[in-house]
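Please read the structure below before turning to the comments.
The values are calculated or read from the model by the stated rules, or taken from the named source; none is laboratory data. Note that the coordinates shown come from a computational prediction; the quantities given were computed from them, not determined experimentally. Methodologically, a virtual Cβ is constructed for each residue, glycine included, from the backbone with ideal geometry; neighbour enumeration extends over all protein chains shown. When the accessible area is computed, the model is the full protein with side chains, heavy atoms only, and any ligands, DNA or RNA have been set aside. Shrake-Rupley method; radii C 1.70, N 1.55, O 1.52, S 1.80 Å.
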Amino acid sequence: MELTLSGISQDAKEATITIWHNRQGDNVSRGEDLLEVVTDKATFDVPCPCNGVLGSIKRRAGETVRTDEVVAVILEQE
């Protein structure tokens, strides 16, 4: 599953990644905070949408990304 930031805010078009709470290869659980981002209006924790493994991190902390851009890939598991 490709993870984007599209659900963080209706108004936000871009956000800056401040920190990743997990590393590539870590097991992750649905609802667990994966990363923190900041927009021009607020700071948000981005929860994991499914259970699985954080397969790859596409964008690093400190980078500003569009909210429709893929920031990570999660390998889904039951």
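Tabulated data
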| read-out | value |
| --- | --- |
| Å² of accessible area per residue within the chain, as computed with a 1.4 Å probe and no ligands counted | 60 |
| Most mobile listed residue (K58, K13, K41) in the chain, GNM with C-alpha springs under 10 Å | K41 |
| Region 47-63 - phi-based ³J(HN,Hα) in whole Hz, Karplus 6.51/-1.76/1.60, Gly and Pro as x | x, 6, x, 7, 7, x, 10, 6, x, 7, 9, 8, 10, 9, 4, x, 8 |
| Net dipole in debye of the chain [+1 Lys, Arg Cβ; -1 Asp, Glu Cβ; about Cα centre; nearest 20] | 180 |
| Percent accessible area from carbon and sulfur atoms, the chain, protein chains only, probe 1.4 Å | 42 |
